[in-house]
Each structure stands twice: as structure tokens, then as C-alpha cells.
Amino acid sequence: MLSSRESLTTPAQLRCIECGRTWVFDRERWRLKVLDEEPRETVPYCPDCAHQEFDE
Ligand SMILES: [Zn+2]
């Protein structure tokens, strides 16, 4: 019974909007970018893509 309940409560995983990889390491610093559009959307970036996207 517990196992079926666990599968239902698995939180949605973050997935990088750029490269598509999922967030598996707690210690990684992912960044969230709020799109300036309607509807407002928050998109996650993995550290690598965030570096390319935000740091120049
Ligand atoms: Zn990425």
C-alpha cells in the first residue's frame, strides 16, 4: 500500500528547458527564470545552461 501511495506523491521533477536533463543532485544550483509573458511561466535551467544563459 505504501509503495503505491509513494508513486502518486512523487514530486514533479525539474527539467532543464535548454538541454532537457533532469535535476537529480540536491546540491546543484539550478536557476529559475520567470518568463515575461502571459501566462507567466517559470522555466528551470541547469547550472551549465544557466551559465550560458545568464553569465556573459
Ligand atoms: Zn541544461
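Overview of results
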quantity: Contact order normalised by residue count of the range 12-54, Cα under 8 Å, 6+ apart, percent; calculated: 39 percent
quantity: Evaluated over the range 12-54, the Cα radius of gyration and Dmax, each in Å; calculated: 10.4, 31
quantity: By average C-beta atoms within 10 angstrom, highest first, the peptides 37-49, 20-32; calculated: 37-49, 20-32
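No lab work stands behind these numbers, since they all come straight from the coordinates. Just so it is clear, the structure is predicted and the values come from calculations on it, not from any experiment. Every residue, glycine among them, receives a Cβ derived from its backbone with ideal geometry; neighbour counts consider all protein chains shown.
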